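A short reminder: the numbers here are calculations on the coordinates, not readings from a lab. Remember, predicted model here, so these are calculated numbers, not experimental data. Neighbour counts are summed over all protein chains in view; Cβ atoms, including those assigned to glycine, are modelled from backbone coordinates with ideal geometry.
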Amino acid sequence: MEAAADPRLEDLIREIGRDLHSALPSRSRHPMRALDDKAMELASRDAELRAALFRLVDVTPACRSLDDLARHLAGYLDQVDERHQPVDAAMRAARTAAGRRALGA
């Protein structure tokens, strides 16, 4: 038997959700998220980049550390002939300890 939803409870849940959403940092405070979004947009239009990212997804469970994952990322992206600016930024990030931490965050 399904309980009837209390409209006051539903309103409270929505209000809490709006408060939580408004408290989240903006995209400008999360450059890696913006970079990731742009990379996904590019991958949707670039078969070679998309294939490299699928290879990365396939190998991810076998990676034992962020350094290992970053090496695979750099290796796969090195194989992409036409690299766009967000991809180059990911390549640079993958080659630094701070960048690898950010990519894994």
Inset, instruction - Answer rounded, prolate or oblate for segment 28-104, using the Cα gyration tensor with square roots of eigenvalues a ≥ b ≥ c: rounded when a/c is under 1.5, else prolate when a/b is larger than b/c, else oblate. - result: oblate
Legend entry - Environment charge of Ala62, counting only residues whose C-beta is closer than 15 Å and scoring Lys/Arg +1, Asp/Glu -1: 0
Inset, instruction - Calculate the spin-label point distance for Asp37 paired with Arg8, positioning each point 7 Å from the Cα along the beta-carbon direction, and give it in nanometres. - result: 3.8 nm
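Sum up the charges of everything whose Cβ sits under 13 Å from the Cβ of Arg14, counting Lys and Arg as +1 and Asp and Glu as -1, but leave Arg14 out. Could you put the intermediate results ahead of the total?
On the way: positive: Arg8, Arg18; negative: Asp6, Glu10, Asp11, Glu15, Asp19.
Computed value for this residue: -3.
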Inset, instruction - Kindly provide the trypsin sites (Lys or Arg not before Pro) of segment 57-91 that DSSP labels as loop, not H, G, I, E or B, and whose Cβ sees at most 16 other Cβ atoms within 10 Å. - result: Arg64
Inset, instruction - Please arrange Asp88, Asp81, Asp68 by counting, for each residue, the other beta carbons lying within 10 Å of its beta carbon, fewest first. - result: Asp81, Asp88, Asp68
Inset, instruction - Could you calculate the contour length gain from Ala97 to Arg55, that is, 0.36 nm times the residue separation minus the distance between their Cα atoms, to one decimal place in nm? - result: 12.9 nm
